[in-house]
1. Based on this model, can you work out whether residue 75 counts as surrounded by fewer than 15 Cβ atoms within 10 Å (Cβ to Cβ), charged (D, E, K, R) and at pLDDT 95 or above?
2. I want to confirm something. Restricting to the stretch 244-267 and keeping residues that are hydroxyl-bearing (Ser, Thr, Tyr) and more than 19 Å from the chain's Cα centre (by Cα), which single residue is modelled with the lowest pLDDT?
3. Tell me the residue from 96, 124 that is more than 25 Å from residue 234 (Cα to Cα), assigned to a loop (DSSP other than H, G, I, E, B) and more than 15 Å from the chain's Cα centre (by Cα), please.
4. List every residue pair whose Cβ atoms sit under 6 Å apart, with the two residues 6 or more apart in sequence or on different chains, where the first one lies in the stretch 165-180 and is within 16 Å of residue 42 (Cα to Cα) and of a type in the set (A, V, I, L, M, F, W, C) and the second, anywhere, is assigned to a helix (DSSP H, G or I) and modelled with pLDDT of 80 or more.
5. Tell me, please, whether a residue that is over 25 Å from residue 272 (Cα atoms), of a type in the set (S, T, N, Q) and either buried (at least 24 other Cβ atoms within 10 Å of the Cβ) or at pLDDT below 90 (or both) can be found in the stretch 140-160.
6. Going through 135, 115 one at a time, which residue ends up being surrounded by fewer than 18 Cβ atoms within 10 Å (Cβ to Cβ) and in contact (Cβ under 8 Å) with a residue 60 or more places away in the chain?
7. If only one of 161, 90 is touching a residue at least 40 places away in the same chain (Cβ under 8 Å), in contact with a strand residue (DSSP E or B) (Cβ under 8 Å, 6 or more places away or on another chain) and either of a type outside the set (Lys, Arg) or not in a helix (DSSP H, G or I) (or both), which one is it?
8. Which of the numbered conditions does residue 138 fail, given that it passes all the others? Conditions: (1) of a type in the set (Lys, Arg); (2) within 23 Å of residue 46 (Cα to Cα); (3) over 15 Å from the mean Cα position of the chain (by Cα).
Amino acid sequence: MQPSVYTRIEIPGRRAALLLLVLFLSLVWGCATVPLTERKALRLVPHSEIVGLSFQEYRKVLKKAKLSQDQEKVRMVRRVGMRIARAAEEFLVEEGLGHQVALYQWEFNLIEDDKTVNAWCMPGGKVAVYTGILKFTRDEEGLAVVLAHEIAHAIAGHGNERMSQALLVNLGGVALSTALRTKPKETRKLYTALFGVGATVAFMLPYSRLQEAEADRIGLVLMARAGYDPRAAIGFWKRMSKGSGPRPPQFLSTHPAPSERIAQIKRYIPEALSHYRRPRVNQ
């Protein structure tokens, strides 16, 4: 189990009391609602700030990475990604969150790295898929499972929630813009650890079980609305479980055990199937 940034630092009494007060006030004024689950979540960082940082880090990743030249696979990633993205936007509108649609600038890139079994979506809609995960996704529906789950994290605001918690504990509750100005190295390191961007990052600090469950549930709905059968998620996670070998890939190490996930997904599938839209010809 990886060490958490939320528990690494011991805080003296006065500072602890101050942070508790900040946290209380944050819970009062800094809450937002997660779509579908309607959970109240802590979001202290203005969307423009966290998206601005995300875009900067995404460009750094692409500059260092080797992008895939397999145009068939690249087109598949972008085709599936945009179908999920459109479904996500429609979903936000129906949830009464249509004002958030303009916040996303979707971009999907395939990174050539067969040893990295991973994919991620940054706040604001910047997505990377590593070729190493394609042997587990196998086809478009398998890829839709992964992309819908990662996009679900984004539209649920999990990135903002994680960054808000980390800023409260690690940097004394200062604003992200202030942290970037006064402690740029520490802040970017914290962001990188939280989101696991780049193939050189050894691990990503795991989402909470609650956030993972929300991303699974929302992701199944998104892929169903995009015309992908949500039952494909069961096959994908079974393949991940059997093919991970003695050392689990990054995508597994930062997510709950496949057996637990499969049991949970089976409970979510009836809800997702009620949203299932069979794909249109030439979609």
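The values are calculated or read from the model by the stated rules, or taken from the named source; none is laboratory data. Keep in mind it's a predicted model, so treat the numbers as computed, not measured. Neighbour counts are summed over all protein chains in view; Cβ atoms, including those assigned to glycine, are modelled from backbone coordinates with ideal geometry.
1. Numbers: surrounded by fewer than 15 Cβ atoms within 10 Å (Cβ to Cβ): yes; charged (D, E, K, R): yes; at pLDDT 95 or above: yes.
So residue 75 fits the description; yes.
2. To start, the set of residues in the stretch 244-267 that are hydroxyl-bearing (Ser, Thr, Tyr) comprises 244, 253-254, 259.
Right, trim to more than 19 Å from the chain's Cα centre (by Cα) and you get 244, 259.
Working: 244: 58, 259: 77.
The extreme case among them is 244.
3. Checking each option against the conditions leaves just 96.
4. Close Cβ pairs (under 6 Å, with a partner that is assigned to a helix (DSSP H, G or I) and modelled with pLDDT of 80 or more) amount to 176/49.
5. Yes: the stretch 140-160 contains one or more residues that are over 25 Å from residue 272 (Cα atoms), of a type in the set (S, T, N, Q) and either buried (at least 24 other Cβ atoms within 10 Å of the Cβ) or at pLDDT below 90 (or both).
6. Values: 115 fails: in contact (Cβ under 8 Å) with a residue 60 or more places away in the chain.
Only one candidate passes the filter, namely 135.
7. Working: 90 fails: in contact with a strand residue (DSSP E or B) (Cβ under 8 Å, 6 or more places away or on another chain).
Among 161, 90, only 161 is touching a residue at least 40 places away in the same chain (Cβ under 8 Å), in contact with a strand residue (DSSP E or B) (Cβ under 8 Å, 6 or more places away or on another chain) and either of a type outside the set (Lys, Arg) or not in a helix (DSSP H, G or I) (or both).
8. Answer for residue 138: the failing condition is (2).
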